[in-house]
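The structure under discussion appears below in the form of structure tokens.
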Amino acid sequence: QVQLVYSGGGLVQPGGSLTLSCAASGTNFSTYAMAWYRQAPGQQRDAVATITSGEKENYSASVKGRFTISRDTAKNRLILQMNNLKPEDTAVYYCNKILGAQWPWGQGTQVTVSA
């Protein structure tokens, strides 16, 4: 069974940066179109950044120009570099594939942007 393990979240001031990592066991990320999702309290989980198997990236309007999604194929990880963070970026962040039945989400990683 695929397991997703997260790291890199935390508390940061507005304007700061964080790098999130999602590592997978039981599968090879590189063959899938993947996404970073986030879920704020009381809201649905939405994709904020996607990357195809051909490395084409796409971003939601709310994070475009500030976030960068990438793969570390050697370590089978998905990365999200987040710059110029805003309070509205506060959420639990998850990764998963985009198409087909999704893997168990895991615990995600909390990002809190606050002064």
Complete set of residues in region 24-38 that are in a loop (DSSP other than H, G, I, E, B) and open to solvent by 50 Å² or more (accessible area, probe 1.4 Å): GLY26, ASN28, TYR32
Those residues of region 68-93 which are of a type in the set (S, T, N, Q) and in a strand (DSSP E or B), in sequence order: THR68, SER70, GLN81
Some residue of region 69-80 being among the β-branched types (Val, Ile, Thr) and at pLDDT 95 or above: yes
Residue list for region 1-23, restricted to those being crowded, with 16+ Cβ neighbours inside 10 Å, in a strand (DSSP E or B) and touching a residue at least 60 places away in the same chain (Cβ under 8 Å): LEU4, TYR6, VAL12, LEU18, LEU20, CYS22
Hey, PRO41 touching a Leu at 6+ places or on another chain (Cβ under 7 Å), loosely packed, with under 15 Cβ neighbours inside 10 Å and outside any strand (DSSP E or B) or not: no
Candidate set from region 44-81 (those that are more than 13 Å from the chain's Cα centre (by Cα) and of a type in the set (Val, Ile, Thr)); member that is least open to solvent (accessible area, probe 1.4 Å): THR52
Where LYS64 falls short, out of the listed (1) out of contact with any strand residue (DSSP E or B) (no Cβ under 7 Å at 6 or more places or on another chain); (2) among the charged types (D, E, K, R); (3) at pLDDT 95 or above; (4) farther than 13 Å from ASP89 by Cα: (4)
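Take the residues of region 82-115 that are closer than 20 Å to GLN13 by Cβ and of a type in the set (Ser, Thr, Tyr): which is surrounded by the fewest Cβ atoms within 10 Å (Cβ to Cβ)?
Selected residue: SER114.
The values are calculated or read from the model by the stated rules, or taken from the named source; none is laboratory data. This is a predicted model, so every value here is computed, not measured. Every residue, glycine among them, receives a Cβ derived from its backbone with ideal geometry; neighbour counts consider all protein chains shown. Ligands, DNA and RNA are excluded from the accessible area calculation, which covers all protein heavy atoms including side chains. Shrake-Rupley method; radii C 1.70, N 1.55, O 1.52, S 1.80 Å.
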